[in-house]
Each structure stands twice: as C-alpha cells, then as structure tokens.
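A.B. asks: Following this message is one structure expressed as structure tokens.
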Amino acid sequence: MAQTLQLPIIDLASSDRISTALSIRQACMECGFFYLINHGVEGDLLHEVLEGNRIFFALPLEEKMKLARKEHRGYTPLYAENLDPSSSSKGDSKESFYIGPLEDTTRGCLNQWPAEEILPCWRSTMEDYYKRVLNAGKRLISLVALALNLEESFFYDIGASNQPNGFLRLLHYPGDLGPSGENMYGASAHSDYGMITLLASDGVGGLQVCREKTKEPRVWENVHCVPGAFIVNIGDLLERWTNCLFRSTLHRVIPTGQTRYSIAFFLDPNPDCVVECLKTCCSESYPPRFPPIRSGDYLEERFKLTYGS
Ligand SMILES: O=C(O)CCC(=O)C(=O)O
Ligand SMILES: [Fe+2]
C-alpha cells in the first residue's frame, strides 16, 4: 500500500513574501510538489469548470472527434497519448481536451471550441478560468524567482512569462475500463515538460509521486487533494534552469475504479525564450549540466515523443 505524502502549503496571498519564497525554495528542492492556497480562483469557479469538464466528456465520441487535436489544441481520445514513451502499454486510459493561449498573436486563434448551441457558456467559463489560473501562475513565478535569489521580475524580464505558453488540459479518467490489460495507467509515469503546473481535481484519488526517480524499485506515494487548493509541481524546464536544484518530480495517475476529473494548467515559457542555467544555480564546482535550449524547440521534441508524431 502506498503511503500518503504530506506536502507543504504555500499561501499566495501572504504579505511576508520573503518567508513564502523560502518555503517555496524548500518545497521545490525537497519534492517539487506543493499545495497552493489563496490563489485567487474562487471555489465556485473551480466547481463550475469541473462541471464543464464532466459535461464535455459526456458528449458522444463523434461530437468530440469534430474537435480532434490540431496544433496541440482540442480533443485527444482514450489511449491516444502515452506519457511514458519508454513503456509498452497501449496508451494512457484518459481522454483530454487542450486549450492554448487565448490571445495567440503569432498564429491567430488556434483554439477549438464546442458549438455554443451544444454547450452554452462553456467557452466563456473556460476562458474565465484560463485567465484566472494564468494570473495565479504568473504571481507564483515571481515568488519562484525570489526563491532563486533573483529579482521578482526575472522571468518576465528574460521573456519567459510575458506572453507565456499557457495550456489548459481538461482530463477525464473513466472509472470502469472493462477487462483491461496489465500496465494500465490513467497517466503513466512522467515529469511535466515546462515551468510550473497548477492542478485542480474533483477530489478522487489516484495521483502518485515518486520522489527519487533514479532509485529502483520506484517508491510511489499518494497525493491527496486539499479542497480549494491547487497542487503545484515543477516542470523539466525549470529543473534545467535551476541546474537540478529544483526538482521536476515523476508522477502518474493510477486507476482506482472511480471516475476522475482534473484540470491541469501548464505554465510554460514563451517559445522564443532560451532556457539556460541560472547564475544563482551554478559555480565552478557545480557547472551547468545542460546546454542552453530554446523553450519552443524543447517542448516540441517532448510532444513528439508523447504522441509519436
Ligand atoms: O490528473 C492528474 O491528477 C495529473 C495529470 C498530469 O500529471 C498531467 O496531465 O500532466
Ligand atoms: Fe503531469
């Protein structure tokens, strides 16, 4: 039986920014996961978005397939994604729907939306949520900069968090998978690719983390949902930036027999931002472990491995 992990709680509205930044530093060095409270997204909106999630996935498959994923936006059916490209499973037992930046100035608006007659007000609810969670993520990133002994505006100044690449992913893990094979995961073991992820869920369990990704056998611990709080985790690009000081932790979703809905918001740097080791995270005796890389190129490569295309 997996143990439950006690994660630290970070208060985004705390007036003591220095001690909040120190708590973030400790959480990101030790585990790479924490709860975020007082983030400015009201419980009512969270509830409405999770309800919107449920009604979208309840549509007939044919209706959902009209919005099949293009340019990383839209619907991905069951088993079409494999978050652990090294595994031989037939794919993750989840379906998802992606919403990208709302004002995509370079490529016009690429998002796909269900027709208003089919799901009235659905788009406006999702857009409202997107804006709120983006705002919370940007405020959090300022504190992350402080936690790294940088100016609060650092990620903005280097072009990472102004016009960031924010993606909302609505997720549905069906409870009843029928006579499923072995190696079946809702989301197989992976780390997130970008900067930070803010996750909301309906409270159904299944999320697990493995704190030591290089240790065998892997030890998995349960992460519980705290009502109203986001579960936040660090992504691989922030791990690269920090020369592995901050940890992008392996996680997965196991089937529990219960239907589960969640919404992940991936706050990734602007695609043109170059991610290179921060000055505060290396020294002569601890040189940079990764070469600089353009964020867009790194993310594109990771997406290709996940979708096999
Ligand atoms: O649904 C969850 O709890 C986690 C989802 C996740 O890890 C992901 O989409 O990257
Ligand atoms: Fe993830």
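A.B. asks: Just give me the residues in region 142-182 being in contact with an Asp or Glu (Cβ under 6 Å, 6 or more places away or on another chain) and closer than 30 Å to I293 by Cα, in sequence order. It would help to see each step written out before you state the result.
C.D. replies: Of region 142-182, the ones in contact with an Asp or Glu (Cβ under 6 Å, 6 or more places away or on another chain) are 142, 145-146, 165, 172.
Selection gives S142, A145, L146, N165.
A.B. asks: Kindly indicate whether P292 is away from ligand 1 (no atom under 14 Å from the Cβ) and in contact with a strand residue (DSSP E or B) (Cβ under 9 Å, 6 or more places away or on another chain).
C.D. replies: For P292, the condition - away from ligand 1 (no atom under 14 Å from the Cβ) and in contact with a strand residue (DSSP E or B) (Cβ under 9 Å, 6 or more places away or on another chain) - is met.
A.B. asks: Report yes if S188 is of a type in the set (G, A, S) and in contact with a strand residue (DSSP E or B) (Cβ under 7 Å, 6 or more places away or on another chain), otherwise no. Steps first, please.
C.D. replies: On the way: of a type in the set (G, A, S): yes; in contact with a strand residue (DSSP E or B) (Cβ under 7 Å, 6 or more places away or on another chain): yes.
Yes: the conditions hold for S188.
A.B. asks: In addition: Answer yes if at least one residue in region 7-17 is within 22 Å of H190 (Cα to Cα), within 20 Å of the chain's Cα centre (by Cα) and either surrounded by fewer than 21 Cβ atoms within 10 Å (Cβ to Cβ) or free of Cβ contacts under 8 Å to residues at least 60 places away in the same chain (or both), and no otherwise. Don't jump to the end; show me each part of the working.
C.D. replies: Going residue by residue through region 7-17, those that are within 22 Å of H190 (Cα to Cα) are 7-8.
Now restrict to residues that are within 20 Å of the chain's Cα centre (by Cα): 7-8.
Now restrict to residues that are either surrounded by fewer than 21 Cβ atoms within 10 Å (Cβ to Cβ) or free of Cβ contacts under 8 Å to residues at least 60 places away in the same chain (or both): 8.
Yes.
For every residue, the table says whether it meets (1) among the polar types (S, T, N, Q); (2) away from ligand 2 (no atom under 15 Å from the Cβ); (3) more than 24 Å from N38 (Cα to Cα).
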residue: M184; (1), (2), (3): no, yes, yes
residue: A189; (1), (2), (3): no, no, yes
residue: R218; (1), (2), (3): no, yes, yes
residue: N233; (1), (2), (3): yes, no, no
residue: E239; (1), (2), (3): no, no, yes
residue: H251; (1), (2), (3): no, no, yes
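A.B. asks: For region 257-285, name all the residues that are among the charged types (D, E, K, R) and closer than 23 Å to A187 by Cα.
C.D. replies: Taking region 257-285 as the starting set, the residues that turn out to be among the charged types (D, E, K, R) are 260, 268, 272, 276, 279, 284.
Within region 257-285, R260, D268 qualify.
A.B. asks: Out of (1) in contact with a helix residue (DSSP H, G or I) (Cβ under 6 Å, 6 or more places away or on another chain); (2) at pLDDT below 95, what's the single condition that is false for F34?
C.D. replies: Of (1) in contact with a helix residue (DSSP H, G or I) (Cβ under 6 Å, 6 or more places away or on another chain); (2) at pLDDT below 95, only one is false for F34: (2).
A.B. asks: Show me the strands (runs of 3 or more DSSP E) found entirely inside region 185-277 where at least 1 residues are under 20 Å from K94 (Cα atoms) and aromatic (F, W, Y).
C.D. replies: Details: elements: 187-190, 196-201, 207-210, 230-234, 250-253, 260-268.
Passing ranges, in order: 260-268.
A.B. asks: Moving on to the next point. Determine which member of the set G205, G178, G166 is buried (at least 18 other Cβ atoms within 10 Å of the Cβ) and either closer than 25 Å to G257 by Cα or within 16 Å of ligand 2 (Cβ to nearest atom) (or both). It would help to see each step written out before you state the result.
C.D. replies: Details: G205 fails: buried (at least 18 other Cβ atoms within 10 Å of the Cβ); G178 fails: buried (at least 18 other Cβ atoms within 10 Å of the Cβ).
Within the list G205, G178, G166, the selection yields G166.
A.B. asks: So how many residues does region 50-95 have that are within 19 Å of W122 (Cβ to Cβ), within 14 Å of ligand 1 (Cβ to nearest atom) and of a type in the set (S, T, Y)?
C.D. replies: Summing the residues that are within 19 Å of W122 (Cβ to Cβ), within 14 Å of ligand 1 (Cβ to nearest atom) and of a type in the set (S, T, Y) in region 50-95 gives 1.
A.B. asks: Here are the criteria: (1) under 24 Å from S87 (Cα atoms); (2) within 12 Å of ligand 1 (Cβ to nearest atom). Tell me which single one L168 does not satisfy.
C.D. replies: Unmet condition: (1).
A.B. asks: Filter region 43-71 for residues that are more than 24 Å from G203 (Cα to Cα), part of a loop (DSSP other than H, G, I, E, B) and modelled with pLDDT of 90 or more and give the result. Let's see the steps before the verdict.
C.D. replies: Here is the first cut: in region 43-71, the residues more than 24 Å from G203 (Cα to Cα) are 60-71.
Those still in the list that are part of a loop (DSSP other than H, G, I, E, B) too: 60, 66-67, 69, 71.
Across region 43-71, the qualifying residues are P60, K66, L67, R69.
A.B. asks: Of everything in region 278-290 that's touching a residue at least 12 places away in the same chain (Cβ under 8 Å) and assigned to a loop (DSSP other than H, G, I, E, B), which residue is surrounded by the most Cβ atoms within 10 Å (Cβ to Cβ)?
C.D. replies: At the first step, the residues of region 278-290 found to be touching a residue at least 12 places away in the same chain (Cβ under 8 Å) are 278, 280-282, 286, 288-290.
With the extra rule that they be assigned to a loop (DSSP other than H, G, I, E, B), the set shrinks to 278, 282, 286, 288-290.
Values: L278: 21, C282: 16, Y286: 12, P288: 13, R289: 12, F290: 16.
Only one residue tops the list, namely L278.
A.B. asks: Among E116, E152, E103, which is the only one that is in contact with a Cys (Cβ under 9 Å, 6 or more places away or on another chain), away from ligand 2 (no atom under 16 Å from the Cβ) and of a type in the set (D, E)? Before the answer, list the steps.
C.D. replies: Numbers: E116 fails: in contact with a Cys (Cβ under 9 Å, 6 or more places away or on another chain); E152 fails: in contact with a Cys (Cβ under 9 Å, 6 or more places away or on another chain).
Sole residue among the options that is in contact with a Cys (Cβ under 9 Å, 6 or more places away or on another chain), away from ligand 2 (no atom under 16 Å from the Cβ) and of a type in the set (D, E): E103.
A.B. asks: On to the next question. I'm trying to understand the selection: among the residues of region 168-191, which are modelled with pLDDT of 80 or more and hydroxyl-bearing (S, T, Y)?
C.D. replies: Correct list: Y173, Y185, S188, S191.
A.B. asks: Additional query: Looking for something modelled with pLDDT of 95 or more and loosely packed, with under 14 Cβ neighbours inside 10 Å - is there at least one such residue anywhere in region 80-95?
C.D. replies: Kept after step one, since they are modelled with pLDDT of 95 or more, are these residues of region 80-95: 95.
Filter again for loosely packed, with under 14 Cβ neighbours inside 10 Å, leaving none.
Scanning region 80-95, I find no residue that is modelled with pLDDT of 95 or more and loosely packed, with under 14 Cβ neighbours inside 10 Å, so the answer is no.
A.B. asks: When you check T242 against the structure, is it within 13 Å of ligand 1 (Cβ to nearest atom), modelled with pLDDT of 95 or more and of a type in the set (S, T, N, Q), yes or no?
C.D. replies: no
A.B. asks: Can I ask one more? Which of the residues spanning region 192-228 are of a type in the set (S, T, N, Q) and modelled with pLDDT under 95? Give the derivation first.
C.D. replies: Here is the first cut: in region 192-228, the residues of a type in the set (S, T, N, Q) are 197, 201, 208, 214, 222.
If the condition is that a residue be of a type in the set (S, T, N, Q) and modelled with pLDDT under 95, then T214 is the only one that fits.
The values are calculated or read from the model by the stated rules, or taken from the named source; none is laboratory data. Computed from a predicted structure; not experimentally measured. Neighbour counts are summed over all protein chains in view; Cβ atoms, including those assigned to glycine, are modelled from backbone coordinates with ideal geometry.
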